[in-house]
Structures are given as C-alpha cells and as structure tokens.
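Q: One structure, as structure tokens, below. Some questions next.
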Amino acid sequence: MQQRLAGMLRFLWTLAASFLILIPVSLCRAETPAADQDVKPDLMEMSVEELMRVEVATVFGASKFEQQVTEAPASVSIVSADDIRKYGYRTLADALRSVRGIYVTYDRNYNYLGVRGFDRPGDLNTRVLLLVDGHRINDNIFESAPIGTEFPVDVELIDRIEVIRGPSSSLYGTNAFFGVVNVITKRPGALDGVQLATAAGSFETWNGRASFGKELGNGLGILLSGSVMQSEGADRLYYSEFDNDGSGGTARHADGDQNYQLLAKLSYRDFSLTGVLASREKRIPTASFDTVFDTTQTRTTDGHGFLDLKYAHSFDSDTELTARAFYDSYRYDGSYLYDRTEPDAPPSFVLNKDQAWGNWWGGELQVTRTFFDRHKVTAGVEHRSNSRQHQRNYDADPFFEYLDDKRSSANWALYLQDEIRISDSLILSAGLRHDRYQSFGGTTNPRLALIYRPLEGTVFKLLYGQAFRAPGAFEYYYSDGGQTTKANPALKPEQIRTYEMVYEQYFLKQYRSSLSGFYYRINDLISQRIDDGDGLIQFANVEDVEARGGELELEGTWDGGLKGRLSYTYQRATDADTGAVLSNSPRHLAKFNLVLPLLRDRLFLGFEEQYQSSRISLAGNRTGAAYLSNATLSCRTALPGLELSLSGYNLFDYRYRDPGAAEHVQDMIRQDGRSFRAKLDYRF
Amino acid sequence: MTLTSATDKLLPRPACLQRLAGALMLLFALWGGTGCWSVSAAAASPPASSEYQVKAAFLYNFMKFVEWPSDGLATPGTICLGILGRDPFDDALDEFKGKLAKGRKVVVLHFRSVEEVKGCDILFICPSEKGRLSQILKLANNSRMLTVADQEGFCEAGGMINLLFIKNRVGFEVNVAAASRAKLRVSSQLLKLARNVFE
C-alpha cells in the first residue's frame, strides 16, 4: 500500500514538475518576440492560404449544430486528427483513453468505456452513444458502442472526435446517458489525392490502408477508403486460474484479431451519402462463459454496415434544415467451444454458436432557426424501426437449439432545444425530448444549461441533465437455455439525473484551464446479477448508484506545434443504498500529454502518461494502480508526401490488470506489456 | 514480425525505471525549454483559435490584397476598417493595434447605422444587420468601400466578400462584379483561393 502511494506521489510529482517547467519556459518565449519584432507568427501574420487551414475549436454533437466549445451546453473535449497522428493512436479506445476523466477496460475481446467512475463489468458500452458524422453506431441488439478494433472506421480517417460529457438524451434519446462520442470523418478534400499507409507492430500486427479523396469542384466530393488489420495477438497468455487443467494455465495463439474497414463518402452540394462496411474477428483467450481454455476456436465476429443519406440546407443564415435517412445492419457471430464430456465417457467437445442479426432503418428531420437574433431554436423528429432483432444460440454438432428469438420494434421521438442569448454574456440553453417505445411506453428528458461569460476568456457553465437508457434486446430476451444466462422481459429503462458546474479560463493566449464538479444519480441501473436460485446471469434493475467528483485540466498550445495537456479527475461512484464503492471505478485519474516539435515542422515527439488508481474487482479484490507511458516519434521525410512514425506503448512494461466480468473465471485480466508500432504514410 | 510480446511475469515496475521515466520527462521539458523548438516558430500550426480571430486575420489580408482606385484610400496615411452593427469580434480586433497594411496604419471604427459610416475603406457588416442588408449595400456600394460580411447570400445580394464557415475552417467567396463596380481590384491570388467567384 505504502509502496503504491509512494509510486503515485512520484508520478504526480513528475507530472506537475514537467508542466510547471513548461509554464515559465513558455512565458519566456512569449516575451522574446517583443524584443525581436515580428518573429512570432500569429494569425495576423498568416497568409490567406494558411488561414484557410486554421481549425476553429467547435463542437457539433452538443447541440446538433456547429458551435464554439465555450458555448456548448456541456463539458466538451476534442481529440483532433493531429493528436491521433502525433500520439500514435491505433484505435478509438486509444484516443479516448487520453481524454480527461475517461478510462478504458479491456477483457481481451472488447474495450469498455468508463465515464464519471462508471464502467460496470458486463456493461457492453451501452451508456455512451457513439456517432459517426452524427449517425448512431450503437447496434439494436446489445446497444454496444464499438470502440476497439471493431470500430467500423479507420482512425486515420477521423478529422476529430468530440467527447461530450453528461446526459444528452434531450437531443439523442437512448444511450446518451453518460455522454456522447461524435466521430467526425475527414472531408474528401482533406485527403486531396491518394494515401497509402502501412504499419507493422508487436504481436505480429500488420495494417494496410488505401484511400482516395478529392473535391472535384462544382460541389462534388468523393472519398473511398479500405483498411485491413491482422494481429496474431499475444502468443502465450498465462492465467493462474487455469493452471490445473493440463494446459499449464497458458492460452496459446488464442488472442488473434483481424478486421477490415471500408468507407465511401459522396457529397454533392447539400447532399452527402456515407456508406460503411466493416467486420472484425477476435479470438478469445480468457475462456469466458465457461468455455474450454487454451483453444483457438472460441471467437467472435462483429460486423457493422450502414448507408446514411443526409441533406443539409441553409435557407438563409437564420434557418437550417437537416434531413437524414439511414439503413443499418449489424451482425454478431460468436463461436464458443464447450467441454460436454460426461463422467466416465470419452471426451466430447461441442461448438456452441451464439449469433445475432440486427437491421434498422429510419429518418430524422431537424430545423434550426434563429428568431429575433436571440433565440436559436432547434426542433426535430426522429423515427427508428428495428426491422430485425434476431438472437440465436445453438450447438453445432450434435445440433441443439437453445434460443431463436426474433423481434422487431420501433420508436419515435420529438425534440426541441432553445439557445437563448439573454445578454451578450449570458446564454440559457434548454432542451426537451420525448421518446416513445413500443416496449415500455414514453419517457421525457430535459437538459438545462446556463452559460455565463462575464469576461472574454472566462466561462462558467451550470448544467442539469436527465437521460434514460432503454433496455436492449439482449438484456430483455437473451437466454442460452439455462447454460449461463437467462432473459428478463420485465426490465424498465434506467434513469439518470446529473448536476455539473464547469469553470473555464483562457489566459495568456496559449492556455486553457478548466475546473468542474459533478454529481450523478442513477435509478434502476440495469446490471448483471447472478440469481442465487439457479446460478444464472440475468440483467435486472437492481441498483441505485451515485457518483460525485471533480476535474481539473490545464492545456497549452504554442506556435510551432508544441502542445501539452495535464488533467486530474477525482471521482467516487457508490451504491446509493449501501455506500459501497462500485467495482471497476478508480478514484483518481491523471493524464499528461505533450507534443514536442524536435525539428521544425518535420520531427515531433508525442508523449503520454496516464495514471489510474486501484479498482475493486467483482470478487472484491484490488487491481492495483496502473501507470502507462506511450511515446510516438513522427517525422516528415525528405521524400515529399512520405511520413514515418514509430510508437511505443506501455513503454515501461508496467504490469496492470482490469477487472473481469461475471462471464470470466479470472477476477482480473492482465493487460499488454510493452509493444511497438512502425507506420509509413505516403500521399500523392 | 514480433518486436516484443507480453511476458508472463507479474513483477511491479522497478523503482529505478519509474525514476528513469520521471527523469526522461523532465529532460524533455527542459530540452524543449532551452530553445530546441524555438527554431520551429515559423511552422504553421493549428492552434485553438476562435472563429472571429481567424476572420479578423482574413480582414487584415483583404487590406493587403485588394487595391483601391488610384485616387487613393478614404483618409491618407491610414486604412480604415468599419464595423457596422453588433461587434462579434470580442477582442480579436485588438490585434490590429499598431498594424500596418500597404504602409498605412490600420484604424478600426464602430458604427451603429450605415448612415453614420464615413471615411472607411473596408466595411464589415455584422450578422446583427441582416434584416437591413439590401438597404446597407445600396448605400455602401456607392462609396469605394470593400463590403465584407459573414452571411449566407451576401454576395448574391451584391456584397463583395463573404466569409464562410465550413467544417471548422474559414473560407470566402468574392463578388468580383460588385467590387469592380466600386473600382476595387481584388488580386488574382485571392481569387484563386476563393470558394466561389461571382463574375
């Protein structure tokens, strides 16, 4: 314990010291140009061409229209394409891990997002809404947000990621519970030609990507991209829980991962059509759901595909109309190897197939109009029809069917938001959305935000939000015939109420600081529980939980590409009845990010340090703290268009573990040690 | 190609490594501080700027790339930017302090109505004036002022340069016909970069 504390203190000291050194250093730098006139290039000194490339810090997802981050009715963080490149992020999970207050848990199949101290083991990322260019990605069976290698878009095609904390059900409905992650993909013109990329890394990992994008004038833009990834994964993974079954506790070649991701975007004037098709297959080394240990046959495939047609038209600068029609398809194919050897009989292994197909289509119509210069009103209507929600579970040979559950359902919603400029320094944003479900009826969720800017560079936000999450088809109906899991059609939606205060201060041009405090209360949380009667896993509205905490962040951006960010989060998520701290909920999170330009605009070092304090596992054990250090060296080579980057992840080979869920024998699952990646990018 | 793979030991990170990590980070910070990156000052980085800071910088560029007729600017020795309506720039216009364009000092003036506008070379028509746009342009286009705004349909209505805000970046369109009617010449460099040119 003492050692852990000492380690943490040392870590925090290092973080604080590095940033404290940067501040005076940058102050010196800010002063030198005064003596040496006009050396410092500011916006005013930029050419028109350079200015056209300058990105303005805006967010779309917080209000469903483009607005400045300081005016958004939520606490917002942005990860840019530049961050993705310079910090060497391989997946969406990598990128989100760097964001203040967010942590990620990996069970060697899926990555699970933790926000505000909530990351319930067994929750399949259902409480965060994931959007790609405003299109909902969470499927209609598990309601999962895929953020690992199963995320359907190559991270290198991301222009920016908006992380909007807090409930946004008042705009988006279900899943927008703890927050919304809106991934905005690159414009065709941003590629401007052909890009080829290839990467090789530890665990025999190989990536390849070919993309083409162009704005052809006369309003026509086209982007086409295809990516593949293959990884052998860890050769050998040792789990002491299985050290007595003849395998020696080692799962061999059971961690492989492969995917493909296709993206097509076509835009013509006010219309844009996006098509995505992606699939990933992952071997499962943990022998989850009581399957056979040390086999390569237990694996899952997740496939996502969608077509999204969007029409966005501005009638004048006061009125904007957005219409969207979409069709989505999701496919899950799990193969689980079971040992069904009867006592005193020859060994018998059976492959159990666990499958799901989801199809849904729908549309959304939204009008944003400004009245009397003071009211910006957004009104919308949305309909979603789940034409197929099919779950199946059977043994392949001998054939035996446990589940064949076919459903369809529909829901619709109406929403209204008004952004009222009470005065030049005061904005009130009020939103309300009513959702109607066939299964449980209606729910209405408001959001209120008061944004006060007494001085330029000073922002106070007072936020209240309410959200719901409808139980998914999986939680309602899944049962595998009494093997591990049973259904619960009596589930109700879970509800959250949140209060948050944010204070942001911009100073000395280069710095942004923010301080926030929050209180979240969830009623009727849907959680996995094990029925004492029959020992089966079931979802139930079992808990009322609450979380409170605070966050601090300091961010700096300087000329020449130097930037840094330091954040600390304190959070305490507890069971409202017993006061017990929730499992998989670290009390402290600290992050440090730094990009150092080493050689003009040619060579950059991106460095990350992440700390999370110990978490409690389902069995009540402690995982111990985790310190992660990642570094990426990226360089523009002498050959125009050719870029090279080298990344090291978990550089100091820190041993850390994430809590397992009810389906795991392992109470805690060990994570990857040090690994590397080399990447080449060529554009022409 | 396996560069390294997870080994199976469950050892805590040795303290010396942790210290090394700390030392390295300090080193990076110090290294940066002693000026290693100061040489890179000329590189164009995308800092977090506000929309109107960028737009102000565009206005500054327009002063350089638009030529006023040979009988000169409104007031000799200065180049005057007029802001008509409710100023959305916050303190972004402070950046003009002490700036020179075409060898002349930049002056910023604020006006509440178009009738008050006098002695300006560039007139920025704020979003608050949208309802009165056609009336403003009728008066403004008579004097030799470059009219600029950031409103949909501005160029179509006879305005000269319209700033666009698309996908987080600022661009612009130019109504060359309107500019030449006021005997203003927009440089070809600028026209090349415009998203739309109305001839």
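Q: How many of the residues making up the stretch A:659-682 are touching a Pro at 6+ places or on another chain (Cβ under 9 Å) and in a strand (DSSP E or B)?
A: Adding up the residues that qualify gives 3.
Q: Right, another one. Scan B:Ile136, B:Ile161 and give me the residue that is of a type in the set (Val, Ile, Thr) and under 28 Å from A:Gln68 (Cα atoms). So that I can check it myself, show each step before the final result.
A: On the way: B:Ile136 fails: under 28 Å from A:Gln68 (Cα atoms).
After applying the criteria, what remains is B:Ile161.
Q: Another question about this same structure. Hey, among B:Leu93, B:Leu123, B:Leu139, which residue is in contact (Cβ under 8 Å) with a residue 40 or more places away in the chain and of a type in the set (A, V, I, L, M, F, W, C)?
A: The match here is B:Leu123.
Q: With the checklist (1) in contact with a helix residue (DSSP H, G or I) (Cβ under 6 Å, 6 or more places away or on another chain); (2) in a strand (DSSP E or B) in hand, flag the one item A:Ala487 doesn't pass.
A: All conditions pass for A:Ala487, except number (2).
Q: Can you find a residue that is within 26 Å of A:Thr484 (Cα to Cα), in contact with a Leu (Cβ under 8 Å, 6 or more places away or on another chain) and either of a type in the set (Val, Ile, Thr) or within 14 Å of chain B (Cβ to nearest Cβ) (or both) anywhere in the stretch A:601-617?
A: yes
Q: Against the condition open to solvent by less than 50 Å² (accessible area, probe 1.4 Å) and within 14 Å of A:Glu555 (Cβ to Cβ), how does A:Ser514 come out, does it pass?
A: Yes.
Q: Examine the stretch A:634-642 for a residue that is in contact (Cβ under 8 Å) with a residue 60 or more places away in the chain and either within 12 Å of another protein chain (Cβ to nearest Cβ) or in contact with a Leu (Cβ under 6 Å, 6 or more places away or on another chain) (or both), and state whether such a residue exists. First the steps, then the outcome.
A: Going through the stretch A:634-642, the residues in contact (Cβ under 8 Å) with a residue 60 or more places away in the chain turn out to be A:634.
The next check asks that each one be either within 12 Å of another protein chain (Cβ to nearest Cβ) or in contact with a Leu (Cβ under 6 Å, 6 or more places away or on another chain) (or both); those that pass are none.
No; the residues of the stretch A:634-642 include none that is in contact (Cβ under 8 Å) with a residue 60 or more places away in the chain and either within 12 Å of another protein chain (Cβ to nearest Cβ) or in contact with a Leu (Cβ under 6 Å, 6 or more places away or on another chain) (or both).
Q: Name the one entry in B:Leu146, B:Leu139, B:Leu193 that is open to solvent by less than 10 Å² (accessible area, probe 1.4 Å) and either at the interface with chain A (Cβ under 10 Å from one of its Cβ atoms) or at negative phi (or both).
A: Among B:Leu146, B:Leu139, B:Leu193, only B:Leu146 is open to solvent by less than 10 Å² (accessible area, probe 1.4 Å) and either at the interface with chain A (Cβ under 10 Å from one of its Cβ atoms) or at negative phi (or both).
Condition check ((1) under 27 Å from the mean Cα position of the chain (by Cα); (2) surrounded by 17 or more Cβ atoms within 10 Å (Cβ to Cβ); (3) in contact (Cβ under 8 Å) with a residue 12 or more places away in the chain) across all residues:
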residue	(1), (2), (3)
A:Asn386	yes, yes, yes
A:Gln391	yes, yes, yes
A:Asp395	no, yes, yes
A:Ser409	yes, yes, yes
A:Ser429	yes, yes, yes
A:Arg433	yes, yes, yes
A:Arg436	yes, no, yes
A:Arg447	yes, yes, yes
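Q: Going through the stretch B:163-184 one residue at a time, which ones are small (Gly, Ala, Ser) and either touching a residue at least 40 places away in the same chain (Cβ under 8 Å) or surrounded by fewer than 20 Cβ atoms within 10 Å (Cβ to Cβ) (or both)?
A: Of everything in the stretch B:163-184, those that are small (Gly, Ala, Ser) and either touching a residue at least 40 places away in the same chain (Cβ under 8 Å) or surrounded by fewer than 20 Cβ atoms within 10 Å (Cβ to Cβ) (or both) turn out to be B:Gly171, B:Ala177, B:Ala179, B:Ser180, B:Ala182.
Q: Scan the stretch A:156-191 for residues that are of a type in the set (Asp, Glu) and within 14 Å of chain B (Cβ to nearest Cβ) and jot them down.
A: Our first condition is that a residue be of a type in the set (Asp, Glu); within the stretch A:156-191, this holds for A:156, A:159, A:162.
Within the stretch A:156-191, A:Asp159, A:Glu162 meet the criteria.
Q: Can you confirm whether the stretch A:119-139 contains a residue that is within 14 Å of chain B (Cβ to nearest Cβ) and part of a loop (DSSP other than H, G, I, E, B)?
A: If we filter the stretch A:119-139 for residues that are within 14 Å of chain B (Cβ to nearest Cβ), which is where we start, we get A:133-134.
Then keep just the ones that are part of a loop (DSSP other than H, G, I, E, B); that gives A:133-134.
Yes; the residues of the stretch A:119-139 include at least one that is within 14 Å of chain B (Cβ to nearest Cβ) and part of a loop (DSSP other than H, G, I, E, B).
Q: Determine which single condition A:Ala57 fails, assuming it passes every other condition in (1) in contact (Cβ under 8 Å) with a residue 40 or more places away in the chain; (2) surrounded by fewer than 24 Cβ atoms within 10 Å (Cβ to Cβ); (3) within 14 Å of chain B (Cβ to nearest Cβ); (4) small (Gly, Ala, Ser).
A: Unmet for A:Ala57, out of (1) in contact (Cβ under 8 Å) with a residue 40 or more places away in the chain; (2) surrounded by fewer than 24 Cβ atoms within 10 Å (Cβ to Cβ); (3) within 14 Å of chain B (Cβ to nearest Cβ); (4) small (Gly, Ala, Ser): (1).
Q: Here's something else I'd like to know. Of the numbered conditions (1) closer than 27 Å to B:Tyr52 by Cβ; (2) of a type outside the set (Ser, Thr, Tyr); (3) within 14 Å of chain B (Cβ to nearest Cβ); (4) surrounded by 21 or more Cβ atoms within 10 Å (Cβ to Cβ), A:Lys86 satisfies every one except a single condition; which is it?
A: (1)
Q: List the strands (runs of 3 or more DSSP E) inside the stretch A:147-218, counting only whole elements, that have at least 1 residues being without any contact (Cβ under 8 Å) to a residue 12 or more places away in the chain and among the basic types (Lys, Arg).
A: Once the strands (runs of 3 or more DSSP E) in the stretch A:147-218 are filtered for at least 1 residues that are without any contact (Cβ under 8 Å) to a residue 12 or more places away in the chain and among the basic types (Lys, Arg), nothing remains.
Q: Filter the stretch A:354-375 down to the residues that are under 15 Å from A:Gly431 (Cα atoms) and open to solvent by 50 Å² or more (accessible area, probe 1.4 Å) and list them by number.
A: A:Val367, A:Arg369, A:His375
Q: Given the options A:Phe676, A:Phe604, name the one that is in contact with a Lys or Arg (Cβ under 6 Å, 6 or more places away or on another chain) and more than 23 Å from A:Ile102 (Cβ to Cβ).
A: Details: A:Phe676 fails: in contact with a Lys or Arg (Cβ under 6 Å, 6 or more places away or on another chain).
From the options A:Phe676, A:Phe604, the qualifying one is A:Phe604.
Q: Does A:Asn630 satisfy the criteria of being open to solvent by 10 Å² or more (accessible area, probe 1.4 Å), in contact with a strand residue (DSSP E or B) (Cβ under 8 Å, 6 or more places away or on another chain) and at pLDDT 95 or above?
A: On the way: open to solvent by 10 Å² or more (accessible area, probe 1.4 Å): yes; in contact with a strand residue (DSSP E or B) (Cβ under 8 Å, 6 or more places away or on another chain): yes; at pLDDT 95 or above: yes.
Judged against the criteria, A:Asn630 is a match.
Q: Only one of A:Asn541, A:Asn584 is in contact with a strand residue (DSSP E or B) (Cβ under 7 Å, 6 or more places away or on another chain), open to solvent by 40 Å² or more (accessible area, probe 1.4 Å) and not acidic (Asp, Glu); which?
A: Being in contact with a strand residue (DSSP E or B) (Cβ under 7 Å, 6 or more places away or on another chain), open to solvent by 40 Å² or more (accessible area, probe 1.4 Å) and not acidic (Asp, Glu) holds for just one of A:Asn541, A:Asn584, which is A:Asn541.
Q: If you take the residues in the stretch A:499-513 that are of a type in the set (A, V, I, L, M, F, W, C) and on the phi < 0 side of the Ramachandran plot, which one is farthest from the other protein chains (Cβ to nearest Cβ)?
A: A:Met501
Q: Against the condition open to solvent by less than 70 Å² (accessible area, probe 1.4 Å), farther than 22 Å from A:Asn218 by Cα and within 15 Å of the chain's Cα centre (by Cα), how does B:Ala92 come out, does it pass?
A: Numbers: open to solvent by less than 70 Å² (accessible area, probe 1.4 Å): yes; farther than 22 Å from A:Asn218 by Cα: yes; within 15 Å of the chain's Cα centre (by Cα): yes.
When the stated conditions are applied, B:Ala92 passes them.
Q: Going through the stretch B:149-160 one residue at a time, which ones are within 30 Å of A:Ser80 (Cα to Cα) and either among the hydrophobic types (A, V, I, L, M, F, W, C) or surrounded by fewer than 18 Cβ atoms within 10 Å (Cβ to Cβ) (or both)? If you could, list the steps in order and put the result at the bottom.
A: Step one: of the stretch B:149-160, the residues within 30 Å of A:Ser80 (Cα to Cα) are B:149-152.
Selection gives B:Ala149 alone.
Q: I would also like to ask the following. Out of (1) open to solvent by less than 10 Å² (accessible area, probe 1.4 Å); (2) within 13 Å of chain B (Cβ to nearest Cβ); (3) outside any strand (DSSP E or B); (4) closer than 24 Å to A:Val132 by Cβ, the odd one out for A:Ala234 is which?
A: Of the numbered conditions (1) open to solvent by less than 10 Å² (accessible area, probe 1.4 Å); (2) within 13 Å of chain B (Cβ to nearest Cβ); (3) outside any strand (DSSP E or B); (4) closer than 24 Å to A:Val132 by Cβ, the odd one out for A:Ala234 is (4).
Q: Working only within the stretch A:542-582, note down all residues that are part of a loop (DSSP other than H, G, I, E, B) and under 24 Å from A:Tyr499 (Cβ atoms).
A: Passing the criteria: A:Ala576, A:Asp577, A:Thr578, A:Gly579, A:Ala580, A:Leu582.
Q: OK, next. Restricting to the stretch B:48-67, give me the number of residues that are among the hydroxyl-bearing types (Ser, Thr, Tyr) and more than 7 Å from every other protein chain (Cβ to nearest Cβ). First the steps, then the outcome.
A: Taking the stretch B:48-67 as the starting set, the residues that turn out to be among the hydroxyl-bearing types (Ser, Thr, Tyr) are B:49-50, B:52, B:60.
Checking the rest, the ones that are also more than 7 Å from every other protein chain (Cβ to nearest Cβ) come to B:52.
Residues that pass the stated criteria total 1.
Q: Do we have any residue at all in the stretch A:311-323 that's away from chain B (no Cβ under 14 Å), open to solvent by 50 Å² or more (accessible area, probe 1.4 Å) and without any contact (Cβ under 8 Å) to a residue 40 or more places away in the chain? Show your work before the answer.
A: Filtering the stretch A:311-323 down to residues away from chain B (no Cβ under 14 Å) leaves A:311, A:322-323.
Next cut, open to solvent by 50 Å² or more (accessible area, probe 1.4 Å) only: A:311.
Now drop any that are not without any contact (Cβ under 8 Å) to a residue 40 or more places away in the chain, which leaves none.
No; the residues of the stretch A:311-323 include none that is away from chain B (no Cβ under 14 Å), open to solvent by 50 Å² or more (accessible area, probe 1.4 Å) and without any contact (Cβ under 8 Å) to a residue 40 or more places away in the chain.
Q: Another one. Out of the stretch A:269-309, which residues are under 30 Å from A:Ile184 (Cβ atoms) and at pLDDT below 95?
A: Those that are under 30 Å from A:Ile184 (Cβ atoms) and at pLDDT below 95: A:Arg269, A:Asp270, A:Phe271, A:Ser272.
The values are calculated or read from the model by the stated rules, or taken from the named source; none is laboratory data. What you see is a predicted model, and the numbers here were worked out from it, not measured in a lab. No Cβ is skipped: glycine too gets one built from the backbone with ideal geometry, and neighbour counts run over all protein chains shown. Each accessible area value is taken on the protein alone, full model and side chains, heavy atoms only, with ligands, DNA and RNA left out. Shrake-Rupley method; radii C 1.70, N 1.55, O 1.52, S 1.80 Å.
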